[in-house]
Amino acid sequence: MTEVQPPLARSSVVRCLFAAGLVAIPFDGVRGVAALGEVGNELSFPFFASAIFAALVVSVRNGGSAISSSLVLRIAAAALIIILLSYLINMGSIHGIVFRERTGFNKFATSLLVVLYGFGLAWLAEQVHEDRWVKLVARFVCWSAVVALLYLLIEIPGRAGLLGGVYDAVESVVHSRQTDIINPWSGGINEKVLYGWDERLRSVSFEPPAFGNYTGFAWPWVWYAAVKARPERKLRAWTLVTLFTVVIVAAASRTALMMLLVNVAGIVLLASIYSNPRRDSEALAAARFLLPVTILLCAAGAAVYLAPGYDDIVGRLLAGESVSNISRVAFQLAGVQIFAAHPVVGVGLGQFGFHVASALPDWAYRSPEVLPMVTYPAAPWPTVYSLYVRLAAELGLLGLIGWVSLWVGLALALAARARRARSASGQTITLHYPVILNCLGVLLSGAASDTFRTPMFWIALGLGCSILRQQRRVSAAPRAVPEAPA
């Protein structure tokens, strides 16, 4: 029986759209369509959305096997059960609550659309065959890195005043979300535009933390492309890795630096204690088991150690000058309060902003960012700055445990298969590495970002499921039984 090719293999249109989306990932500062919610300002969205639609058409025309056999869609079904359970329990509040002229159901619907789009993107990435990873995924992620680096040739001299009006003209297009000197919601001065944004590098991204988040997910693919590059392309590929790494360090984004550190540490661990099973020993087996346990114990110990000094930490925070840190901690504490009141299924997807005003501590209003968010209808929507706190507040323990279990389980499953693949092929670096590193990146970035719109979340999920599904198919294939001697 002939195996049906996935949509990405059958359609050049789907491949081109997917590749264009990969290149456009770092562009998230372009003014988009407000009705699209969180994904409206993502330049990659129209490319990925079109690719998903085209791939669905191709799949349906060819019998729908790419849909019925999808591991991603099974995970999506489990996630939707949790979301709908939370919705049903909180239905009265979701349909009755209004905040800043927006209804709870409207916000639930737009948040659900973002999640559905994410799983659609994961399903699309699941259709990428292992043989095309370097040619399709790694290559075009590298192109996105090249574009981000080239823009720095405009940004750095432009900020120094060397390009005059040319820089302002380019900025007004690439960062069109941030060109209003007058805040449209209050009529006040937008000081970030008037006096300049964060002095750290942001390239084509919305702000430095967003650029740091992008580089953390892109770096494993840039590195993997260099490892797998042909000999005649090695110098060029490793030059890109070096420049990209230097920019990550120079940008001074805490998220980017932490993700870079985790990426490098992950490579070392994958190449050592999570390596070839033929060289297994009791010590290595114990190390593989104890490492994640030790990390969890250290995290728990740090929480216990810091808890008694909570008041002192908050006091030093308020005494400082960082408006962003005050806003971040205030909203996260409000999220914890919401979670404490609704611990099992939360208050419903997208509902954090409707409950935040009553849960904010009094000192939160020392930050000039907070009051507009809870007052003006057109101001930025309240954000919790942590995906873990958002999940806990909106979907309770079910959502939080489900999310963490998904990424930890996927990373461990891929690490186990990487060991077997390395043993079978003899390759030092296998295709599992960048996806495992992206799984770790999802877990790390969730501490500083609260959005589901990040494309690399879903692409990593899809590629990971692609590996698991394809290798399961290989292991389940019937093997020839040798004939008994006559």
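The values are calculated or read from the model by the stated rules, or taken from the named source; none is laboratory data. Bear in mind that the values here come from a model prediction, so they are computed numbers and not experimental data. Cβ placement follows ideal geometry from the backbone for every residue including glycine, while neighbour counts extend to all protein chains displayed.
A few points about this structure:
- Residues in region 353-378 that are touching a helix residue (DSSP H, G or I) at 6+ places or on another chain (Cβ under 7 Å) and of a type in the set (Phe, Trp, Tyr) were compared, and the one that is nearest to Ser111 (Cα to Cα) is Phe354.
- Flag if Val264 is modelled with pLDDT of 65 or more, out of contact with any His (no Cβ under 8 Å at 6 or more places or on another chain), in a helix (DSSP H, G or I) and surrounded by 11 or more Cβ atoms within 10 Å (Cβ to Cβ): yes
- Among residues that are of a type in the set (Val, Ile, Thr) and either over 23 Å from Val227 (Cβ atoms) or assigned to a helix (DSSP H, G or I) (or both), Ile467 is included.
- Of the residues in region 144-157, at least one is of a type in the set (D, E, K, R) and either under 28 Å from Trp238 (Cα atoms) or at pLDDT 95 or above (or both).
- Residue check: Thr103 meets all listed conditions (1) out of contact with any Gly (no Cβ under 9 Å at 6 or more places or on another chain); (2) farther than 24 Å from Ala55 by Cα but one, namely (1).
- All of (1) assigned to a helix (DSSP H, G or I); (2) farther than 21 Å from Ser144 by Cα; (3) among the hydrophobic types (A, V, I, L, M, F, W, C) hold for Ala447 with one exception: (1).
- As a summary of the residue check, Ala169 satisfies the conditions (1) in contact with a helix residue (DSSP H, G or I) (Cβ under 9 Å, 6 or more places away or on another chain); (2) part of a helix (DSSP H, G or I); (3) modelled with pLDDT of 85 or more except for the one numbered (1).
- Members of region 55-70 found to be surrounded by 19 or more Cβ atoms within 10 Å (Cβ to Cβ) and not β-branched (Val, Ile, Thr), listed by number: Ala55, Ser59, Ala66, Ser70
- Filtering region 350-373 to residues that are among the aliphatic types (A, V, I, L, M) and touching a residue at least 40 places away in the same chain (Cβ under 8 Å) leaves Ala357, Val370.
- When region 13-31 is filtered for residues that are at pLDDT below 90 and surrounded by fewer than 19 Cβ atoms within 10 Å (Cβ to Cβ), the ones remaining, listed by number, are Val30, Arg31.
- Being in a loop (DSSP other than H, G, I, E, B), modelled with pLDDT of 90 or more and either of a type in the set (S, T, N, Q) or under 30 Å from Ala421 (Cα atoms) (or both) is true of Ala229.
- Selection of region 348-378 for residues being outside any helix (DSSP H, G or I) and touching a Ser or Thr at 6+ places or on another chain (Cβ under 7 Å) yields Gly348, Leu349, Gly350, Ser367, Glu369, Tyr376.
- Considering (1) part of a loop (DSSP other than H, G, I, E, B); (2) at pLDDT 85 or above; (3) polar (S, T, N, Q), the lone condition that Asn213 does not fulfil carries the number (1).
- The single condition among (1) under 19 Å from Gly348 (Cβ atoms); (2) touching a Cys at 6+ places or on another chain (Cβ under 6 Å) that Leu71 does not satisfy is (1).
- Selection of region 92-108 for residues being of a type outside the set (Phe, Trp, Tyr), surrounded by 15 or more Cβ atoms within 10 Å (Cβ to Cβ) and in a helix (DSSP H, G or I) yields Ser93, Ile94, Gly104, Lys107.
- Residue match in region 39-50 (condition: loosely packed, with under 15 Cβ neighbours inside 10 Å and either at pLDDT below 90 or part of a helix (DSSP H, G or I) (or both)): no
- Residues being under 25 Å from Ala340 (Cα atoms) and either aliphatic (A, V, I, L, M) or surrounded by 20 or more Cβ atoms within 10 Å (Cβ to Cβ) (or both) - total across region 389-415: 18
- Tallying residues that are among the small types (Gly, Ala, Ser) and under 13 Å from Phe18 (Cβ atoms) within region 84-137 yields 3.
- Flag for Ala252 being touching a residue at least 40 places away in the same chain (Cβ under 8 Å), within 23 Å of Gly446 (Cα to Cα) and surrounded by fewer than 16 Cβ atoms within 10 Å (Cβ to Cβ): yes
- Among the residues of region 413-441, those that are within 17 Å of Leu71 (Cβ to Cβ), in a helix (DSSP H, G or I) and touching a residue at least 24 places away in the same chain (Cβ under 8 Å) comprise Ala413, Leu414, Arg417, His432, Val435, Ile436, Asn438, Cys439.
- Leu121 meets all of the listed conditions (1) over 21 Å from Asn41 (Cα atoms); (2) of a type in the set (A, V, I, L, M, F, W, C); (3) assigned to a helix (DSSP H, G or I) but one, namely (1).
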